[in-house]
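One structure below.
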Amino acid sequence: MHPLQCVLRVQRSLRWGPLPSVSWLLLRTCRAHSSLHSTTCSSPERQEDGVQKDFSSRLATGPTFQHFLRSASTPQEKLSSPEVEDPPPYLTVDELLGRQRKVYFETYGCQMNVNDTEIAWSILQKSGYLRTSNLQEADVILLVTCSIREKAEQTIWNRLHQLKALKTRRPRSRMPLRIGILGCMAERLKEEILNREKMVDLLAGPDAYRDLPRLLAVAESGQQAANVLLSLDETYADVMPVQMSPSATSAFVSIMRGCDNMCSYCIVPFTRGRERSRPVASILEEVRKLSEQGLKEVTLLGQNVNSFRDNSEVQFNNAVSTNLSRGFTTNYKTKQGGLRFSHLLDQVSRVDPEMRIRFTSPHPKDFPDEVLQLIHERDNICKQIHLPAQSGSSRVLEAMRRGYSREAYVELVHHIRASIPGVSLSSDFIAGFCGETEEDHLQTVSLLREVQYNIGFLFAYSMRQKTRAYHRLKDDVPEEVKLRRLEELITVFREEASKANKTSVGCTQLVLVEGLSKRSANDLCGRNDGNLKVIFPDAEMEDVTNPGLRVRAQPGDYVLVKITSASSQTLRGRVLCRTTLKDFSANC
Ligand code: 5AD
Ligand code: SF4
């Protein structure tokens with residue numbers, strides 16, 4: 001998003017009447033939209049007991065436009081613990097507290113959303129909310145949503161219809177159920193959601209999670225509340241996400257947010273805003289804490305994770321220009337200075353040599369040699385790179401504004417393979433983008449054959465409003481052709497991945513144990529360095545650090561597994577012994 005757009009939003013809301021910011025910028029009231037919503041957005045049970053009346057009168061004398069400007073422009077200072085900070089003028093401290101209300105989260109989409117759920121939960125937990133995994137006992141249901149494709153949004157609309165029934169059936173003896181939409185869909189659709197689904201009580205865009213206690217307090221009074229303001233600097237650096245599953249062996253650590261690339265098909269820059277990185281020091285602190293908790297794997301997260309650039313301190317801002325991968329360009333003016341991804345990766349990997357480090361999702365343009373060298377040298381950085389190609393046709397890549405040709409991409413693949421022997425590669429592809437011909441499609445098929453990825457994510461193109469492709473290009477590949485091409489890509493990907501994965505048969509691999517296999521209680525499952533799932537029978541084995549001791553593998557253990565068979569998605573094998581990452585690296 002252009003920085004000016006934030007300002008424009010605020011200004012636009014100024015023109016909307018007596019309670020200027022009280023529209024979708026921050027919260028929507030019945031008073032401000034009385035002709036439209038007076039009968040639909042108040043909950044009768046609250047009006048009866050006078051709380052509604054009291055709230056409305058406080059609201060009328062309450063927030064000024066300056067108040068909203070203040071809270072919008074300094075996100076880092078916003079309420080993180082309402083029990084100690086001043087509430088906004090129209091709410092009491094007590095109303096900002098969760099008072100043991102139970103929140104149920106449902107997460108859709110990418111790993112970024114999994115991490116966002118943990119951030120949102122961390123904020124609500126501090127405000128006195130409880131968490132439940134039982135939908136029936138929830139007082140608040142929050143859907144963390146995805147807008148990347150039409151299908152993802154449709155799933156959420158369908159879910160909202162189911163939840164509507166839950167809300168309607170709720171006995172009057174219980175407190176009213178509140179439903180909130182968080183994340184990309186809240187950002188993209190804003191008022192449309194509030195208008196279409198009257199039972200949605202609150203919206204919070206990806207940069208507005210600190211505001212959740214206030215939004216929920218407003219929703220509690222029967223008003224619809226929304227904050228979809230995007231920020232230029234919100235990274236939630238000081239919010240330690242709460243791990244959803246306390247027994248997990250791995251965690252996500254968000255290191256940057258947003259995207260400046262503006263690929264022509266993609267809604268992400270519009271829903272998640274501009275690229276900004278979290279300070280290195282706060283990332284290291286989080287990784288250290290996770291290591292102390294015994295976690296064995298950390299995945300650094302960001303929409304363009306390897307475009308990381310910490311310029312939070314003046315001394316980081318030198319004039320050193322950015323090294324891009326050879327043959328790659330950016331859609332924006334080249335940035336300079338800051339602590340870059342190689343620095344962060346180096347520091348993070350030093351925290352705990354027994355902790356595996358992964359990162360996703362990178363952009364192929366930001367793989368300078370220093371990053372590749374580090375991955376090669378450091379034992380605990382996994383030799384696995386996600387290299388989203390999107391298409392194998394240079395013509396389509398240009399229409400997508402990806403900033404590289406097929407040739408530059410293939411050269412990068414060769415360079416990565418030469419720099420990191422045995423590296424595992426994965427990719428994203430889109431079938432049926434605007435103007436894609438059969439010849440273009442065959443080029444993508446041939447790229448899949450040429451590179452032979454281990455893991456792949458393949459999608460049919462889905463037109464998204466606001467994007468450059470929506471405004472400038474024609475979504476002219478018929479749906480059935482898109483689906484047929486997608487099927488062909490999936491078939492070819494599977495054939496090639498099977499071949500690639502079969503080269504592991506007979507090898508001994510280091511596997512981080514995750515737990516029981518979903519298919520059989522006699523089997524355990526874990527992941528190898530390349531992030532492929534490895535299944536093996538749960539059997540007694542020797543522990544190399546305690547010779548003579550017989551053990552069974554537990555989640556979080558490193559074990560050696562001899563691979564006996566492989567498919568396009570999984571490896572199977574026989575467990576040999578329990579070991580450590582250091583021991584494995586010293587002996588392989
Ligand atoms: N249609 C289909 N796939 C898309 N992606 C992003 N936008 C779209 C779209 N409009 C895919 C890209 C991206 C992945 C996360 O989702 O392949 O890398
Ligand atoms: Fe979307 Fe491109 Fe940014 Fe990835 S790099 S989030 S595909 S705009």
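Which one is nearest to Phe359 (Cα to Cα) among residues in segment 516-542 that are surrounded by fewer than 17 Cβ atoms within 10 Å (Cβ to Cβ) and among the aliphatic types (A, V, I, L, M)? Top of the filtered list is Leu516. The set of residues in segment 445-461 being within 16 Å of ligand 2 (Cβ to nearest atom) and in contact with a Gly (Cβ under 6 Å, 6 or more places away or on another chain) consists of Ala460, Tyr461.
Note on segment 281-298: among residues that are touching a Ser or Thr at 6+ places or on another chain (Cβ under 8 Å) and among the hydrophobic types (A, V, I, L, M, F, W, C), the one that is farthest from ligand 1 (Cβ to nearest atom) is Leu295.
Selection of segment 467-479 for residues being part of a loop (DSSP other than H, G, I, E, B) and within 11 Å of ligand 1 (Cβ to nearest atom) yields Thr467, Asp475. Inside segment 391-425, residues that are of a type outside the set (D, E, K, R), closer than 30 Å to Asp379 by Cα and in a helix (DSSP H, G or I) make up a count of 10.
Among the candidates Ser264, Ser307, Ser277, single out the residue that is among the polar types (S, T, N, Q), within 16 Å of ligand 2 (Cβ to nearest atom), over 19 Å from the mean Cα position of the chain (by Cα) and farther than 18 Å from Ala204 by Cβ.
It is Ser264.
Working carefully through the options Arg464, Arg472, Arg494, Arg485, find the one that is within 16 Å of ligand 2 (Cβ to nearest atom), charged (D, E, K, R) and surrounded by 14 or more Cβ atoms within 10 Å (Cβ to Cβ).
The match here is Arg464.
Counting residues in segment 400-409 that are of a type in the set (Ser, Thr, Tyr), in contact (Cβ under 8 Å) with a residue 12 or more places away in the chain, touching a strand residue (DSSP E or B) at 6+ places or on another chain (Cβ under 9 Å) and within 16 Å of ligand 2 (Cβ to nearest atom) gives zero. (1) within 16 Å of ligand 2 (Cβ to nearest atom); (2) under 20 Å from Glu106 (Cβ atoms); (3) among the aliphatic types (A, V, I, L, M): which one isn't true of Ala248, the others all being true? Exception for Ala248: condition (1). For segment 147-200, the tally of residues that are closer than 22 Å to Gly273 by Cβ and surrounded by fewer than 17 Cβ atoms within 10 Å (Cβ to Cβ) stands at 3. State whether the residues of segment 450-459 include one that is in contact with a strand residue (DSSP E or B) (Cβ under 6 Å, 6 or more places away or on another chain), at pLDDT 95 or above, closer than 30 Å to Met355 by Cβ and hydroxyl-bearing (Ser, Thr, Tyr). Yes, there is a match, as at least one residue in segment 450-459 is in contact with a strand residue (DSSP E or B) (Cβ under 6 Å, 6 or more places away or on another chain), at pLDDT 95 or above, closer than 30 Å to Met355 by Cβ and hydroxyl-bearing (Ser, Thr, Tyr).
Counting residues in segment 278-285 that are closer than 14 Å to Met112 by Cβ, modelled with pLDDT of 90 or more and of a type in the set (Lys, Arg) gives one or more.
Kindly evaluate Leu372 against the criterion of being more than 16 Å from ligand 2 (Cβ to nearest atom), in a loop (DSSP other than H, G, I, E, B) and surrounded by 19 or more Cβ atoms within 10 Å (Cβ to Cβ). It is false that Leu372 is more than 16 Å from ligand 2 (Cβ to nearest atom), in a loop (DSSP other than H, G, I, E, B) and surrounded by 19 or more Cβ atoms within 10 Å (Cβ to Cβ).
Within segment 125-165, the residues that satisfy the criterion of being of a type in the set (Gly, Ala, Ser) and in contact (Cβ under 8 Å) with a residue 60 or more places away in the chain are Ser127, Ser147. Picking from residues in segment 245-261 that are over 14 Å from the mean Cα position of the chain (by Cα) and either closer than 27 Å to Asp428 by Cα or crowded, with 20+ Cβ neighbours inside 10 Å (or both), the one that is farthest from ligand 1 (Cβ to nearest atom) is Thr249. Here Asn454 meets the list (1) touching a helix residue (DSSP H, G or I) at 6+ places or on another chain (Cβ under 9 Å); (2) among the polar types (S, T, N, Q); (3) within 12 Å of ligand 1 (Cβ to nearest atom) almost entirely, failing just condition (3).
Quick grid of which residues meet (1) within 23 Å of the chain's Cα centre (by Cα); (2) part of a strand (DSSP E or B); (3) within 16 Å of ligand 2 (Cβ to nearest atom):
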{"residue": "Gln154", "(1), (2), (3)": "yes, no, no"}
{"residue": "Trp157", "(1), (2), (3)": "yes, no, no"}
{"residue": "Ile179", "(1), (2), (3)": "yes, yes, no"}
{"residue": "Met199", "(1), (2), (3)": "no, no, no"}
{"residue": "Leu203", "(1), (2), (3)": "yes, yes, no"}
{"residue": "Pro206", "(1), (2), (3)": "yes, no, yes"}
{"residue": "Asp211", "(1), (2), (3)": "yes, no, no"}
{"residue": "Asp238", "(1), (2), (3)": "yes, no, no"}
{"residue": "Pro241", "(1), (2), (3)": "yes, no, no"}
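Considering only residues that are within 11 Å of ligand 1 (Cβ to nearest atom) and either of a type in the set (A, V, I, L, M) or at positive phi (or both), which ones fall in segment 411-451? Across segment 411-451, the qualifying residues are Ile430, Ala431, Gly432. Of all residues in segment 519-550, those satisfying the criterion of being in contact with a Cys (Cβ under 9 Å, 6 or more places away or on another chain) and farther than 26 Å from Thr491 by Cβ are Asp529, Phe536, Met541, Glu542, Asp543, Val544.
The values are calculated or read from the model by the stated rules, or taken from the named source; none is laboratory data. For clarity, every value in this text was computed on a predicted model and none was experimentally measured. Heads up, the Cβs are rebuilt from the backbone with ideal geometry, glycines too, and the neighbour counts pull from every protein chain shown.
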